[in-house]
Amino acid sequence: GYRMRDLDNVEMELNYLKSLGIEDIWFKDVVFGVNKRHYYGLLELLKKPEHKFRWATLSRVDVVTDDILVKMAEAGCHTIQFGVESSDPDILESIEKGISPERVKEVFNLCRKLGIRTLAHFIIGLPGETMETAKRTIDFALDIDPDFASFNVASPRVGTPLRDEAIEKGYISDELTELDNSITFPTMDLGTLSKEDVWRLRSEAVRRFYLRPSYLYRRLTGVRSFRELTNSIFEGTNLVVNSLNPKPDPAEMVEV
């Protein structure tokens, strides 16, 4: 279940982290801001001079308000990850995402103005996906222009409604149990898109997003340390190599 920690307990840990010389924190909370009263209290803690940290977290565009984003920036937040998934309203409704493309744009624009970096997660190959909806989602990723984007392949994990739907509609076999490799290779044949189509679309998304001259310039000029520069070069090289692979290597597919 979901349990929020007592703020006094959080403050004790913040003091301990500061004593260790820690300067950057990752709040592993998939819905940061869902209980505004609690999180406003946490943000006030983080604004204290003795608790000055740089920090990052995850949230949802239907959870964060403009006000809480402002307070997060004031309290030292430098990066937020958001699950955007798709720009197609029908696909978003089918997975009960509860967000709209319009609100996504508003949140990402405000984060940019506040100096908060964003990472947007997208999923290609959800039920109902077509070549047209996938390409519109890629265009949408370029439009909202996050600092980082993660393009994943829909993975029907065991015990999820997506897996039940995939079996019912014949996208996968009910006897097939595959490891969750949603970044590595597709597992569903949708009828509207083959596995190979989904893989090619993901590769196209990575190339179009990360190999833009404007993006490369922004990343290089925005580097804050030598370590960040070396990480960017390493990650960029891997992205290019992986995106140029036209389809997943069958030898890498594992069935259990």
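Give the residues of segment 12-22 that are at negative phi and of a type outside the set (Asp, Glu), sorted by residue number.
Initial filter on segment 12-22 (at negative phi): 12-20, 22.
Within segment 12-22, MET12, LEU14, ASN15, TYR16, LEU17, LYS18, SER19, LEU20, ILE22 qualify.
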| field | Residue count for segment 54-86, restricted to those that are aromatic (Phe, Trp, Tyr) and touching a Lys or Arg at 6+ places or on another chain (Cβ under 8 Å) | value | 1
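Residues are listed down the side, and each one gets a yes or a no for (1) at pLDDT 80 or above; (2) under 22 Å from the mean Cα position of the chain (by Cα):
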position: ASN181; (1), (2): no, yes
position: GLY191; (1), (2): yes, no
position: TRP199; (1), (2): yes, yes
position: PHE209; (1), (2): yes, yes
| task | Give GLU74, GLU85, GLU44 a once-over and let me know the one that is of a type outside the set (A, V, I, L, M) and either touching a helix residue (DSSP H, G or I) at 6+ places or on another chain (Cβ under 6 Å) or touching a residue at least 40 places away in the same chain (Cβ under 8 Å) (or both). | result | GLU85
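Would you mind stating whether GLU106 is among the acidic types (Asp, Glu) and farther than 18 Å from ASP66 by Cβ?
Numbers: among the acidic types (Asp, Glu): yes; farther than 18 Å from ASP66 by Cβ: no.
Answer is no for this residue.
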| message | One residue is enough: does segment 70-92 have a residue meeting the conditions β-branched (Val, Ile, Thr) and more than 15 Å from the chain's Cα centre (by Cα)? | response | yes
| Do we find a residue being without any contact (Cβ under 8 Å) to a residue 60 or more places away in the chain, within 18 Å of the chain's Cα centre (by Cα) and within 26 Å of GLY21 (Cα to Cα) anywhere in segment 61-68? | no
| said: Being surrounded by 20 or more Cβ atoms within 10 Å (Cβ to Cβ), over 14 Å from LYS169 (Cβ atoms) and not aliphatic (A, V, I, L, M) is the filter here; which residues of segment 187-199 pass it? | reply: ASP197, TRP199
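The values are calculated or read from the model by the stated rules, or taken from the named source; none is laboratory data. Predicted, not measured: the structure shown is a model, and the values here were computed from it. Reconstructed Cβ throughout: ideal geometry from the backbone, glycine too, with neighbour counts over all protein chains shown.
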